[in-house]
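What follows is a short report on a single structure.
Just so you know, all these numbers are worked out from the coordinates, no wet-lab data involved. Just so it is clear, the structure is predicted and the values come from calculations on it, not from any experiment. Here the Cβ positions follow ideal geometry from the backbone for every residue, glycine too, while neighbour counts run over all protein chains shown.
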Amino acid sequence: MYLSLPHPTFGSLIPFCRRLILWALFCLCPLVYGQDGNAPRPAYDIKADWLVNFIRFVDWPDNVFPEDHITLMVLGKEPNADRFGGRDLMVRGRKIIITYRTQITPDDLKDCHLLFITRPRRKDASRVLQLVGTRPILTVSETAGFLTEGGVINFVRKEESILFEISQKNAGKSGLRIASRLLSRAEFVEKADNGRR
């Protein structure tokens, strides 16, 4: 059985086509620009912003920083090399100096305050953490099991979101204190007393 529909006139097709076009644009826009109407940001741009914010919400022991700068060291040039380029970054009245390494030596760590081990260098994480030991260095990576190996902060991806997990226990071993505001944003927190949140 078929329904017999009246043939539309030319005049009635115009508003119908207009509604059809608007509907198609409404459906396609989220795919192009993301749900909030903005183009989705690359994951490493988001991580670069978080690395700078970590410095704002972590306390290092007294007299760790030189008077004029804080060093953020990236192990692995891909895909981070251009994420901080051209940006004059200042935190706590000090300039953030971004340096890149393909290998880490004990001498490199003498002027390092935040060390980010990128995914392409994840195989080096265990060895690098052994070099770091209990130095007051905020270690960050994006590798499963990084906190278990002794790291302090690890980026994780959940669906389309970039989140992070924190080990207060490992931070304490390095003499670092993490502000409650940062802890509250973490997806997972390993507390100093071996508890979990």
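Taking the Cβ of Gly93 as the center, what net charge do the other residues with Cβ under 11 Å away carry, scoring Lys and Arg +1 and Asp and Glu -1?
Net charge in that neighbourhood comes out at +1.
Report, largest value first, the span of the C-alpha coordinates of region 43-190 along each principal axis, in whole Å.
Between the extreme Cα coordinates on each principal axis of region 43-190 lie 39, 31, 29 Å.
Dipole size in debye (nearest 20) for region 43-190 around its Cα centre, Lys and Arg Cβ +1, Asp and Glu Cβ -1?
Rounded to the nearest 20 debye, it is 140 debye.
Work out, step by step, the length gained on full extension between Arg119 and His69: first 0.36 nm times the residue separation, then minus their alpha carbon distance; give nm to one decimal.
15.4 nm
Spelling out what I want: for every residue of region 130-146, take phi, set θ = phi - 60°, compute 6.51 cos²θ - 1.76 cosθ + 1.60 (Karplus), and round to whole Hz; glycine and proline get x.
Along region 130-146, the couplings run 5, 5, 5, x, 9, 4, x, 10, 7, 9, 9, 8, 9, 10, 4, x, 5 Hz.
At R0 = 30 Å, how high is the FRET efficiency between Arg101 and Glu160 if r is their beta carbon distance? Nearest 0.05 is fine.
0.50
Sorting check: for 174-185, 50-61, which peptide has the highest mean count of neighbouring beta carbons within 10 Å, and how do the rest follow?
50-61, 174-185
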